[in-house]
């Protein structure tokens, strides 16, 4: 079996991105809710006592769909991110790999992975921001600021323009770089 081309990397990455969101989003919602729950005062009960309690309360108060709140932004963003990342990795291997088609060195894998990350942050940062803002809207009496991903995007733009949409993108890029550098190499076939 020959080496995959950039188009095949793009398709595989996109499908992998969709699967990642469908499986991982409920856990991400719980993580964000636990991280952003109000700090309790002495003698008060916390909103959630842990992961399982957050899961149970989310299902009880919002139904199973509550675990998937804010999923639209990452679903729209992650599939292209993975697709572009994997395609960039394939192109990076062609650019930075050995001309004779021999096995890449660790540095060449690293460089190809780094190359793939250049393109992903433009998609990743706004989607991550929108996802988090939607996830922290929870509970029956919680104020609802955003009606969904598009509404959130519009309101962020009105509040501060493109800078508001990309707030936190440098940290998002730095966080994602270590994943982008090494993840594609995990899927390397011989």
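The values are calculated or read from the model by the stated rules, or taken from the named source; none is laboratory data. Because the structure is predicted, anything quoted here is derived from the model rather than measured. Using ideal geometry, Cβ is built from the backbone for each residue, glycine included, and neighbour counts are taken over all protein chains shown.
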Here is a list: 90, 72, 24. Which entry is under 19 Å from residue 125 (Cα atoms) and in contact (Cβ under 8 Å) with a residue 60 or more places away in the chain? 72
Criterion first (touching a residue at least 12 places away in the same chain (Cβ under 8 Å) and in a loop (DSSP other than H, G, I, E, B)) does residue 9 satisfy it? no
Return the residues of region 167-190 that are modelled with pLDDT of 65 or more and either closer than 17 Å to residue 110 by Cα or surrounded by 13 or more Cβ atoms within 10 Å (Cβ to Cβ) (or both); say none if nothing qualifies. 167, 168, 169, 172, 174
Residues in region 48-58: is at least one touching a helix residue (DSSP H, G or I) at 6+ places or on another chain (Cβ under 9 Å), under 15 Å from residue 20 (Cα atoms) and in contact (Cβ under 8 Å) with a residue 12 or more places away in the chain? no
Of all residues in region 38-80, how many are part of a helix (DSSP H, G or I) and at pLDDT 90 or above? 17
Taking residue 130 as the residue in question, decide whether it is surrounded by 24 or more Cβ atoms within 10 Å (Cβ to Cβ), assigned to a helix (DSSP H, G or I) and at negative phi. yes
Tell me, yes or no, whether region 19-28 has at least one residue that is exposed (fewer than 14 other Cβ atoms within 10 Å of the Cβ) and either more than 22 Å from residue 129 (Cα to Cα) or touching a helix residue (DSSP H, G or I) at 6+ places or on another chain (Cβ under 7 Å) (or both). no
Given (1) more than 24 Å from residue 89 (Cβ to Cβ); (2) in contact (Cβ under 8 Å) with a residue 24 or more places away in the chain; (3) part of a loop (DSSP other than H, G, I, E, B), index of the condition residue 4 fails: (1)
Out of the residues in region 139-166 that are assigned to a loop (DSSP other than H, G, I, E, B) and crowded, with 16+ Cβ neighbours inside 10 Å, which is modelled with the highest pLDDT? 146
